[in-house]
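The values are calculated or read from the model by the stated rules, or taken from the named source; none is laboratory data. Treat the numbers as computed from the prediction; the structure is a model and nothing was measured. Virtual Cβ from ideal backbone geometry, glycine too; neighbours counted across all protein chains shown. We work out accessible area using only protein heavy atoms, side chains counted, and drop any ligands, DNA or RNA first. Shrake-Rupley method; radii C 1.70, N 1.55, O 1.52, S 1.80 Å.
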Amino acid sequence: MPRRKGSGKFGPVRSLRLPRDLDEWFERRLRDQANRSASDILLQAVHGGLRLRPGYMQRHRCTMAALALSRDHAGYESYARALADSFGRLYVSHIEAWLLTDGIAVPPEASSLEEVVASLSP
């Protein structure tokens, strides 16, 4: 006889079993935000959790500063693109503005500042 799916501790079987509380939260989001993909909802939750780590922005700023100061344009561009994918372009432009305020030149071909400023202008 096959084992019954789901238990008192975990929600319905998915490709990844979630604790019941998180599964119920996920189910509500799927119902309330039917126009969004399940992956998008889960990624938002993961990235939201990353934002709660103490000093996450300072770590990103230090990494971007080190890449800019070493003139590693490809590394800088790759790191900035990864941050934009995870946290959004405004987040990256905020860190880049912070770097410029501290006198650290941002590689112009890798910068997202101009694109963000242009998108905000009417």
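When you go through 72, 32, 40 one by one, which is the residue that is closer than 16 Å to residue 105 by Cβ and modelled with pLDDT of 80 or more?
Every option except 72 fails the conditions.
Listed here are the residues, each with its yes/no results for (1) at pLDDT 85 or above; (2) open to solvent by 20 Å² or more (accessible area, probe 1.4 Å); (3) outside any helix (DSSP H, G or I).
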residue	(1), (2), (3)
80	yes, no, no
86	no, yes, no
90	yes, yes, no
95	yes, no, no
105	yes, yes, yes
108	no, yes, yes
114	no, yes, no
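What residue, of 64, 57, is at pLDDT 75 or above and within 20 Å of residue 109 (Cβ to Cβ)?
Answer to the check: 64.
Identify all residues within region 63-90 that are under 17 Å from the mean Cα position of the chain (by Cα) and free of Cβ contacts under 8 Å to residues at least 12 places away in the same chain; write none if there are none.
Those that are under 17 Å from the mean Cα position of the chain (by Cα) and free of Cβ contacts under 8 Å to residues at least 12 places away in the same chain: 78, 81, 82, 85, 88.
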